[in-house]
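Any read-out appearing in this document is the output of simple, stated calculations on the displayed coordinates, not a laboratory observation. All values derive from a computational prediction rather than experimental measurement. We place every Cβ from the backbone using ideal geometry, glycine too, and count neighbours over all the protein chains shown.
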Amino acid sequence: MANEGNVGLESRSLTKKARPGELAIRGFLFFCGAISIAITIGIVYELGKEALLFFGDGQVSLVDYFTTTVWQPQAGSFGIWPLVLGTVLISVVAMVVAVPIGLLAAIYLSEYANSKVRGFFKPVLEVLVGIPTVVYGFFALTFMTPLLRGMLGSSFVGFFNVASAGIVVGILIVPLISSLSEDALRAVPDSLRQAGYALGASKFEVSMRIVVPAALSGIAAGLVVAMSRAVGETMVVTLAAGASPRNFTLGDDSLFGYILNPFESAQAMTGYIVITASGDLSYNTIDYNSIFAIGLTLFFMTLGLNSLSRRMVKRFQEVYE
Amino acid sequence: MTVEAPSREIKEFFPEDEDYRGLLDRRSRRARIFQMLALLALIIAVLALATLIYTIVNDSFGLVAVVNQNEPEDVVADLGYDTATTSLGDLSYDEMVGLLETSLSSGVGRRLERDQRFYEDRLVFETDAKWIEVCSSSEPPSGCTLGPRNQANVLSLVQERVIVPDIIAAYELVPSLLDPEGFEEEVAAGFASDRFGDYTAGQASIEWRAWFSWTFITSPSSAIPEVAGIRTAILGSFWLVVITVAFAVPVGVGAAIYLVEFAKPSRLNDLIQTNINNLAGVPSIVYGMLGLAVFVRVLEPLTSGSIFSSGPPPADNGRTILSAGITLGLLTLPVVIISSQEALKSVPNSLRSAGMALGATKLQTVRSQILPVAMPGILTGTILAIARAIGETAPLILVGAASFITADPTGPFSKFTALPIQIFQWTSFPQVEFQKLAAAASIALLLLLLTLNAAAVILRNRYSRRAE
């Protein structure tokens, strides 16, 4: 009906004239979203700035940082590998403990369990996630270390050791692996399972030969996320793994007796940052700057792992019709 | 991508000869073993949790052998009270300060007074003139700006300095319940072998000690483990949570509303979303370093409060509750954003369309229709984020939680400590008594978290029933 004149409105678009208060609130909301970018920029900038001070001091060069295998600030040696070794050792022990348990638990919960069983075990896993890491550290020091020393002898296992910290970190990340894997397993459509059963396969065969391979991208991505969490873990490592970096020289030191020995102490990157920061710390000393250099390294490590995980999901994701 | 049945194994499944039966048996046995292994994995997880809780509870109660320099009953009786009806905690504030006056040397007393005064209006150990001189020096002690002590604080001092308890041996809960005589024998053997230094067997009394108790919760921190409590830590954690929530919830929910309701798909908005997902995975210690570099160091005038007040600030540097609270706020921000996004996305689109059809602007629709429906989900996510923030330790260490304070925090510019920090410190001391303290504090922390999580679950259940 060509009766626009009777409507009495001028022909302007209603959407264009927003009320001024609206614009302000929308601006505020956008600002909230943009704060997150400010945080990331802040992290990279601040860490980078102090790290640059660390390298610019003249005492340490980037080459030394990445090639020396001795970390001894008093002696002026700042190679990162001992601390990375500590972090990686603990994370590997954690993954060795957590992946079988977490994966098997996820398979049981998604393929075998009925709702009553699930209703019992899932809250347990949620409680495990909610326990603060400092309490896990206490647990590692007061239960796990004496247990290991009792089982394997106190001359074989040091008071601070990688295994104790690694096992407890593993317990810590089991719920993470379990829930991410369970999500991936449940995303596999039931038709695939039914097809397997129709062919006469047992539940075990359907789970391991059909469902798990189909969910592999999600599971693998979950494992990478869990590894990233283990790398960033601080309190358990600080309390149970000790405060002495495992300095080594390739070729001179025995590989399995010393370098990869999980029963001796080895400081991790996060442990070093905490110990240094809680001592006497004056600004602009090389110690202060060193924690930022290590922090920056840690940030890029976890960022890389998380990005890898996301890319794995995107690239290998199964598309079901 | 279709999944094909393994073709070469079909022949395995249906062989021509009688081995068929044996093959089936083998397969079903393998299936059963696997199922048991998977269940075993879950059971191991449950066992780990049970062991953890058992370790903590076991360490928090038990028999102890304690030697007091002055028995509390003697002290109370000396003041003229009947020990049957009055105990040390019943004494008045003035009586306790009087006890300190008579038992402490003036040097120790002055030091205590400079840390924190006993009375607002008069000085106990110091002369007025000296006090003014000390407070106008270039580095005045904390007592010049802090408020006066309170009952719990002074009671703790009396126990520390007048009673001076010393625990010489401690037993865990389960052995204490099952074999108390064993502990007595152990203590007697200790005295026989001179393990307890100068103490004689007659001085020690064996008593039951609940490390986790109401006294523990209300006592301030102390250098002596026998007397220490978590009052300062709990108050510190409380202040931290208030600041964290005040920062993270408005900004987080605002960002979520923007991303879900207003953001058009564009490179910038994609970047923001990816960025938030990345930030959620950054280790908490990196946030601590950000807080140290920015809030403690660069923004020190703001966070220490010195631009707001004229006198010296309660903490003389940027290591205040405000810095730590904002740092924790930054840490929980990505989690709050993501969970609020989930809550907003779960609101059915029909509400949005209905609002638009009625002529409301986007903002009006959001405020009156969408937000109320999403609010339970947002609240649940916030509570869970708070629960996570309460348990964080590493960022607080970096931002400078005080290693030892006995004064209650009075505001956002105070020095602070927090419950996880206290657990961390006590765990790192080797003596048995500190382990007990750490265990008891862990119980407190876990109970607090349990309450928060239960609140979140109840909220979720109540509102999901309403929505039906």
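Label separation (residue B:51 vs residue B:151): 4.5 nm, computed from points 7 Å beyond Cα along the C-beta direction. 3J(HN,Hα) couplings calculated from phi for segment A:196-204 with the Karplus curve 6.51 cos²θ - 1.76 cosθ + 1.60 (θ = phi - 60°) are, in sequence order, x, 4, 4, 7, x, 7, 7, 4, 4 Hz; Gly and Pro show x. Across chain B, C-alpha contacts under 8 Å between residues 6 or more apart give a mean separation that, scaled by the residue count, equals a relative contact order of 18 percent. Among the residues of B:386-398, the average count of other protein chain beta-carbon atoms within 10 Å of the residue beta-carbon is 4. In a reduced charge model with +1 at each Lys and Arg Cβ and -1 at each Asp and Glu Cβ, the protein assembly as shown shows a dipole moment near 4220 debye about its Cα centre. Here the gap between residue B:198 and residue B:461, fully extended at 0.36 nm per residue and compared with their Cα-Cα distance, gives a gain of 88.6 nm. Subtracting the Cα-Cα distance of residue B:133 and residue B:178 from 0.36 nm times their residue separation leaves 10.2 nm of extension gain.
In plain terms, the residue of A:32, B:144, B:135 with the fewest other Cβ atoms within 10 Å comes first and the most crowded comes last, giving B:135, B:144, A:32. Between residue A:77 and A:72, the built amide H atoms are under 5 Å apart, and every one of these is 5 or more places off in sequence or on another chain. Counted by neighbouring Cβ atoms within 10 Å, the residues A:111, B:126 run from fewest to most as B:126, A:111.
Of interest is the spacing of the C-alpha centroids, which for segment A:225-263 and segment A:132-173 amounts to 13 Å. Phi angles of segment B:73-82 translate, via the Karplus equation with coefficients 6.51, -1.76, 1.60 and θ = phi - 60°, into HN-Hα couplings of 5, 5, 4, 5, 5, 4, 7, x, 8, 7 Hz per residue; Gly and Pro are given as x. Computed extension gain for residue B:120 through residue B:431, at 0.36 nm per residue and net of the alpha carbon distance, reaches 108.2 nm. Here is how the number arises for the protein assembly as shown: DSSP H runs of 4 or more residues each give -39500 (n - 2.57), the sum is divided by the residue count, and the result at 222 nm is -19500 deg cm²/dmol. Residues of segment B:189-203 with an amide N closer than 19 Å to a point placed 7 Å from the Cα of residue B:70 along the Cα-to-Cβ direction: B:203. Amide hydrogen proximity for residue B:317: with H placed 1.01 Å from N in the peptide plane, no residue at 5 or more positions away or on another chain lies under 5 Å.
DSSP beta bridges confined to chain B are antiparallel in about 100 percent of cases. Output the pairs from A:314/B:264; A:49/B:264; A:116/A:203; A:203/B:345 with a Cα-Cα distance over 28 Å in this structure; if there are none, say none. Beyond 28 Å between Cα atoms: A:49/B:264; A:203/B:345. Working from Cα positions, state the angle (0 to 90°, nearest 10) between the long axis of helix B:180-192 and the longest principal axis of chain B. So the inclination is approximately 50 degrees.
In percent, rounded to a whole number, the relative contact order of segment B:343-410 is 30, using alpha-carbon pairs under 8 Å and six or more apart.
Inter-chain neighbour count for B:45-55: the average number of beta-carbon atoms from partner chains within 10 Å of each residue's beta-carbon is 6. Here the 3J(HN,Hα) profile of segment A:84-101, calculated from phi with Karplus coefficients 6.51, -1.76 and 1.60 at θ = phi - 60°, is 4, 4, x, 4, 5, 4, 4, 5, 5, 4, 4, 5, 4, 6, 7, 5, x, 5 Hz, Gly and Pro shown as x. Projected label points at residue A:252 and residue A:195, each 7 Å from Cα along the beta carbon direction, are separated by 6.0 nanometres. Footprinting exposure proxy ranking of B:286, B:75, fewest other C-beta atoms within 10 angstrom first, gives B:75, B:286.
Taking label positions 7 Å along the Cα-Cβ direction at both residue A:64 and residue B:29, the computed distance is 6.4 nm, reported to one decimal. Working from Cα pairs under 8 Å separated by at least six residues, relative contact order for chain A is 24 percent.
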